[in-house]
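Only one structure is covered here, and it is reproduced in the block below.
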Amino acid sequence: MGSKNLKKKGGRKGKSFSSNRDPFFGDESRKRRKVEDRVVDGEIESDEEEDGFFGGASDGEEEAQGAVMEEETEAEARKRIAEDYLKKYRDIARKDKEERAEDGEDSDDDDERDGQKNSLIAQKLILEQQEDSGRVRRSLASRVKQGTRGEFRLLVKHRQPVTAVALSEDDMKGFSASKDGTIMHWDVNSGKSEKYQWPSDEVMRSHGMKEPQGRARNRSKHVLALAVSSDSRYLATGGLDRHVHLWDTRTREHVQAFQGHKGPVSCLTFRQGTSELFSGSFDRSVKIWNAEDRTYMNTLFGHQGEVLTIDCLRKERVITAGRDRSMQLFKVHEESRLIFRTSAPSLESCCFVNNEEFLSGTGDGSIELWSVMRKKPVYIVRNAHALLTKDVVSEPKDNGRIPNGNLENGHHKPENHHSSSALSWVGAVTVCRNSDLVASGAGNGCVRFWAVESDRKDIQPLSDVPLVGFVNSLAFSKSAQFLVAGVGQEPRLGKWGRIREARNGIFVHPLKIS
């Protein structure tokens, strides 16, 4: 042990990582885990090669890794977390027992209470495990009241189109960003908002910011994406300046600028329950960061076009959609990926339903339901946000079946619908956590609610709520009490259309659950 410590002191200082290193996944440990994963992993494999999935380490990095102690395995991490969780509750129970002993209460009653508490702890752990695995879902779609739809109410105004919106874990605070670089922190109930102030260039450089490259002379503050951590402590933003910016939500101060992307940062997401941050970029890569340690962790490769949107649940699985008309499911721990290709002209949005299913919004106004067990969508809602050119009542035809065995709904005659316009692009799709309730938005003048039925593998329409403008971002509250929408006069990633009568801002719609 002593020689190992001496080697560490001589090799490198501390345990921090620079943005140019990737010590977690060295070539030697990666090869060892790949052999194990090929034997253990029984899920379907992608037709694509796994080469190039992760960035390789240099010779210097391999030498440095020799000085780093072997990292904790996933099984060991689960065991440690479970033991800490049980220890916390048992410590609370022990203190209660000691207090009752001081008061002279009966020991038989204590034993009975201890048994009840252990049972409650076990039930809580089982329920959390089932929710994380997607086996337990709340049935909210059937309980949404249809007669009291109401309308969206303007909560916060922005000067420029809103590009992203997010909610804190307790649903009390919201965060939004717009094309002019404005980042706002607002109260959900009152709508009272406060702006985040960008620091000076000198402070930004001290936080890791690089100087503008190429022809650029000034740093662009145009924000395209944001995400908030599960503990609501950190807010991450990204945009045209090619950096991932980390903010402290308690003080609203800038704390770090992660460099490494060679193109605009287009999407961000935190892994639920952790400080692990994923960023997608126009440079076709996905990078992994640790917000707590403020360090770079890894890079995922695979897309042949710009990465547009990203989502992640509790598992180390990331779903991304890109300009190459493909969605890629990265299994970070297994170091593998699955590729799903759409027949639609483009992909605009995607999100997880659970660990085994996910949704995508396309450029032809359709919504697709996917399963990790199939390379084609299991259900397609055609013309979900298409523009009607005539007064037509949509009715299913031929039981909604199409030749490849999938399902679709509505009329599909060119004279009835117009889906080539940017107004019909499904720019936002979201799922209420651990439920079957879905919302989608485009620029056709409404937000639509859907019910995802996993057993039947289909999507059923619930209701439409009018909302003028391009719906660039949507977020359900965890309690399923409301839905917030980020709206702009222009689409999130460009100026392919403009709705002058739209109001740039954050809109909220209350949900009434029976």
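The values are calculated or read from the model by the stated rules, or taken from the named source; none is laboratory data. The model shown is predicted, which means the values in this text are computed figures rather than measured ones. Note: ideal-geometry Cβ built from the backbone for every residue, glycine included; neighbour counts use all protein chains shown. For accessibility, only protein heavy atoms count, side chains too; no ligands or nucleic acids. Shrake-Rupley method; radii C 1.70, N 1.55, O 1.52, S 1.80 Å.
So, with +1 on the Cβ of K and R and -1 on the Cβ of D and E, and no other charges, what is the size of the charge dipole of the stretch 144-206 about its Cα centre, to the nearest 20 debye?
On the way: 10 positive and 9 negative charges, 73 e Å.
So the magnitude is around 360 debye.
For the stretch 459-514, report the accessible area per residue in Å² (1.4 Å probe, heavy atoms, rounded to an integer). Working shown, then result.
Values: 2210 Å² over 56 residues.
With the other protein chains kept in place, the stretch 459-514 gives 39 Å² per residue.
Output wanted: per-residue J couplings in Hz (rounded whole) for the stretch 162-178, from phi through Karplus 6.51 cos²θ - 1.76 cosθ + 1.60, θ = phi - 60°, x for Gly and Pro.
Those phi angles translate into 6, 9, 7, 9, 8, 10, 6, 5, 8, 6, 8, 10, x, 9, 8, 9, 9 Hz.
Between their Cα atoms, which of K376/K457; K287/K331; K173/K512; K210/K262; K179/K512; K221/K495 are more than 23 Å away from each other?
Working: K376/K457 13 Å; K287/K331 14 Å; K173/K512 20 Å; K210/K262 11 Å; K179/K512 33 Å; K221/K495 17 Å.
Exceeds cut-off: K179/K512.
Name the long-range amide H neighbours of L155: under 5 Å, sequence gap of 5 or more, or other chain; modelled H, no Pro or chain starts.
I506, F507, V508
May I ask you to give the average projected area over all directions of the convex hull of the Cα atoms of the stretch 219-265, in nm² rounded to one decimal? Could the numbers behind the result be given before it?
On the way: hull surface 12.7 nm².
That works out to 3.2 nm².
If amide hydrogens are placed 1.01 Å from N in the peptide plane, which non-local residues have theirs closer than 5 Å to the one on Q481?
none
Roughly how many Å² of E453 are accessible to a 1.4 Å probe, to the nearest 10?
60
Please find the FRET efficiency linking R498 to K95, where r is the Cβ-Cβ separation and R0 is fixed at 56 Å, and quote it to the nearest 0.05.
It comes to 0.35.
Relative to 2.2 N^0.38 Å, what does the C-alpha radius of gyration of the stretch 148-287 come to as a ratio? Two decimals please.
Dividing the Cα radius of gyration by 2.2 N^0.38 Å gives 1.05.
Could you state how much accessible area Y234 has, in square angstrom rounded to the nearest 10, with a 1.4 Å probe and all protein chains kept in place?
Counting only protein heavy atoms, Y234 exposes about 10 Å² to solvent.
Roughly how much of F152 is accessible, in Å² to the nearest 10, using a 1.4 Å probe?
30
Top to bottom by accessible area (1.4 Å), largest first, where do M373, M327 land?
M373, M327
What distance in nm lies between label points placed 7 Å from Cα along the C-beta direction at M373 and A122?
The modelled label-to-label distance comes out at 3.1 nm.
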